[in-house]
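The values are calculated or read from the model by the stated rules, or taken from the named source; none is laboratory data. On a predicted model such as this, the values are computed, not experimentally measured, just so you know. Cβ atoms come from the backbone with ideal geometry, glycine included; neighbour counts cover every protein chain shown.
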């Protein structure tokens, strides 16, 4: 399949999207916290704690804020792009994907996207299908 070669069809800019993808990648690798207060030096536990999702970790909070701060059209684009990258359509069905995302849009967009496994991969794949170089 050839990537889309028309003008960028999203209201969210590629640079803003790349920033969200980068944060989503860092968020995706987080694991449940196993030891809330290990009391040891991070080098003693081979730096494993950096992969745990601690309440004071800024990655999740920053990702939430960046998605929440998008306007409605940008959030709709983000959801539709996720669906595109997930294989729910191709660039020829972009209008349909976006129409469905607009119809389903509500105040749960951040929760929905953060609950989507492989979010960064889906967004990257969607960008690639739209002819834009994603963040690898």
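Worth a mention:
- Hey, residue 70 buried (at least 18 other Cβ atoms within 10 Å of the Cβ) and within 17 Å of residue 12 (Cβ to Cβ) or not: yes
- Subset tally (residues that are at pLDDT 90 or above and buried (at least 16 other Cβ atoms within 10 Å of the Cβ)) for segment 89-104: 5
- Hits in segment 110-132 - residues which are without any contact (Cβ under 8 Å) to a residue 40 or more places away in the chain and in contact with a helix residue (DSSP H, G or I) (Cβ under 8 Å, 6 or more places away or on another chain): 112, 116, 121
- Residue 107 outside any helix (DSSP H, G or I) and either under 19 Å from residue 62 (Cβ atoms) or out of contact with any helix residue (DSSP H, G or I) (no Cβ under 9 Å at 6 or more places or on another chain) (or both): yes
- Here residue 116 meets the list (1) crowded, with 16+ Cβ neighbours inside 10 Å; (2) not in a loop (DSSP other than H, G, I, E, B) almost entirely, failing just condition (2).
- Out of 123, 135, sole residue that is modelled with pLDDT under 90, surrounded by 16 or more Cβ atoms within 10 Å (Cβ to Cβ) and within 20 Å of residue 29 (Cβ to Cβ): 135
- Test: residue 13 is closer than 15 Å to residue 126 by Cβ, surrounded by fewer than 17 Cβ atoms within 10 Å (Cβ to Cβ) and either at pLDDT below 60 or within 16 Å of the chain's Cα centre (by Cα) (or both): yes
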